[in-house]
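For reference, the structure is listed below as structure tokens.
The values are calculated or read from the model by the stated rules, or taken from the named source; none is laboratory data. What you are looking at is a predicted structure, and each value in this text was computed from that prediction instead of being measured. Neighbour counts are summed over all protein chains in view; Cβ atoms, including those assigned to glycine, are modelled from backbone coordinates with ideal geometry. In case anyone asks, the SASA skips ligands and DNA or RNA and just uses the protein heavy atoms, side chains included. Shrake-Rupley method; radii C 1.70, N 1.55, O 1.52, S 1.80 Å.
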Amino acid sequence: MEEVVICAANAYEQKYYFNKDFSKIPQSIQDELHIICVLFTEEVGGIFAIGFDEEGELKFTTQAADEDYLYDDIAAGLLVSKIRATKQELLESLSLFYRVVILKEPIEGLLDQE
């Protein structure tokens with residue numbers, strides 16, 4: 001299995017990307033992910049992506065161009081921590097969706113873990 005990006009925003013090109021493999025996610029959740037990504041890049045700059053790593057764990061990725069001296073690694077880390085804390089329920093639901101719908105894991109075993 002490889003890394004999968006759900007959505008990403010790019011402050012340099014002012015673009016947003018949403019992976020169509022996740023189109024079954026309710027529109028309200030898609031909208032919230034869009035807002036999270038765009039606000040992140042507006043506040044910190046660079047490129048921000050939400051996805052899953054090879055083990056199926058939710059992952060936030062941030063990066064900046066070498067010549068971007070305004071990008072702040074510390075602010076990016078703090079904002080990622082804030083997103084994880086304030087959007088915990090959304091992120092847990094997203095992980096459950098990924099494991100059940102995309103990875104085809106049985107939901108019964110996943111719900112027992114929580």
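Candidates are the residues of the stretch 68-77 that are surrounded by fewer than 16 Cβ atoms within 10 Å (Cβ to Cβ) and not charged (D, E, K, R); the one that is nearest to L33 (Cα to Cα) is G77. Among the residues making up the stretch 35-60, a single one is over 25 Å from I74 (Cβ atoms) and out of contact with any Asp or Glu (no Cβ under 9 Å at 6 or more places or on another chain): E55. Of the residues examined, D73 is one that is more than 21 Å from E2 (Cβ to Cβ) and of a type in the set (D, E).
Considering only the stretch 78-106, how many residues are within 16 Å of L33 (Cα to Cα) and either surrounded by fewer than 12 Cβ atoms within 10 Å (Cβ to Cβ) or touching a Gly at 6+ places or on another chain (Cβ under 7 Å) (or both)?
The total comes to 7.
Filtered by the rule that a residue be out of contact with any strand residue (DSSP E or B) (no Cβ under 8 Å at 6 or more places or on another chain), open to solvent by 20 Å² or more (accessible area, probe 1.4 Å) and either on the phi > 0 side of the Ramachandran plot or in contact (Cβ under 8 Å) with a residue 12 or more places away in the chain (or both), the stretch 2-54 gives E2, Q14, K24, I29, E32, E42, E43, E54.
Counting the residues of the stretch 79-106 that are without any contact (Cβ under 8 Å) to a residue 12 or more places away in the chain and part of a loop (DSSP other than H, G, I, E, B) gives 3. Taking (1) among the acidic types (D, E); (2) in a helix (DSSP H, G or I); (3) modelled with pLDDT under 95 in turn, E32 satisfies each apart from (3).
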